[in-house]
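Written out below as structure tokens is the structure these notes cover.
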Amino acid sequence: MRPAVRCLVWELDETLWDGVVHDSTSTTLRPQALRTLTKLSERGVLHAVAARGDRSRTLRTLYRHGLYEMFSAVEVGWGRKSASIVRIADTLGLGLDGMAFLDAEPVERAEVSRALPMVRCYAARNVDMLPLLPDFRHDLRSGPVPTPPLGFARVPAL
């Protein structure tokens with residue numbers, strides 16, 4: 001049996017919000033994505049970002065929407081998403097088998113699936129279904145709250 005998902009890694013563009021930050025298109029939040037982000041946080045699932053684009057623009061957008069504090073690790077750049085997920089797992093002290101990845105682009109999910117077969121990958125169009133899946137049904141708050149990376153209190157209080 002696979003362990004419960006401890007961290008959901010999000011691509012943001014066309015996943016958490018409509019539009020693409022780098023192209024300066026609208027970044028209207030997707031309500032179903034925001035509901036899933038909140039519901040899984042309440043269950044103790046950590047959230048992280050593995051996104052392509054300009055880091056400062058992406059961070060400004062997260063701050064503007066009041067969402068920066070919901071993410072325990074943020075990786076934004078131009079490299080492979082699988083490499084970002086490995087760095088996130090190392091930063092948070094989690095095994096890759098406890099990680100999941102959410103992206104609208106099939107090619108990105110395929111890259112992660114090939115490079116990291118133990119990471120569960122989900123299509124953004126199914127974001128509202130994630131809380132119903134057995135991998136996300138566990139209450140992960142039973143142990144001590146992990147210390148956030150770099151000493152920042154970015155992991156939501158339980």
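Each label point is 7 Å from the Cα along the Cα-to-Cβ direction; what then is the distance between the points at D97 and K39, in nm?
Roughly 2.7 nm, to one decimal.
What does the charge count near T36 come to, summing +1 for each Lys or Arg and -1 for each Asp or Glu among other residues with Cβ under 10 Å from its Cβ?
Details: positive: R30, R35, K39; negative: D128.
In short, +2.
For region 7-139, what is the charge dipole size about the Cα centre, in debye to the nearest 20, if Lys and Arg each add +1 at the Cβ and Asp and Glu each add -1 at the Cβ?
With Lys and Arg at +1 and Asp and Glu at -1, about 60 debye.
What share of Cα pairs, in percent, lie more than 21 angstrom apart in region 19-126?
Above the 21 Å cut-off, region 19-126 has 34 percent of its Cα pairs.
Could you tell me the distance between the Cα centroids of region 112-139 and region 1-78, to the nearest Å?
15
Calculated FRET efficiency, A110 and V20, Cβ-Cβ r, R0 30 Å, to nearest 0.05?
0.95
For A123 and S56, what is the calculated FRET efficiency with R₀ set at 25 Å and r taken between the beta-carbons, to the nearest 0.05?
0.30
Computed from the coordinates by the stated procedures, all read-outs in this text should not be read as laboratory data. Predicted model, so just to flag it, every value in this text is computed and none were measured. Positions of Cβ are backbone-derived with ideal geometry, glycine not excepted, and every protein chain shown enters the neighbour counts.
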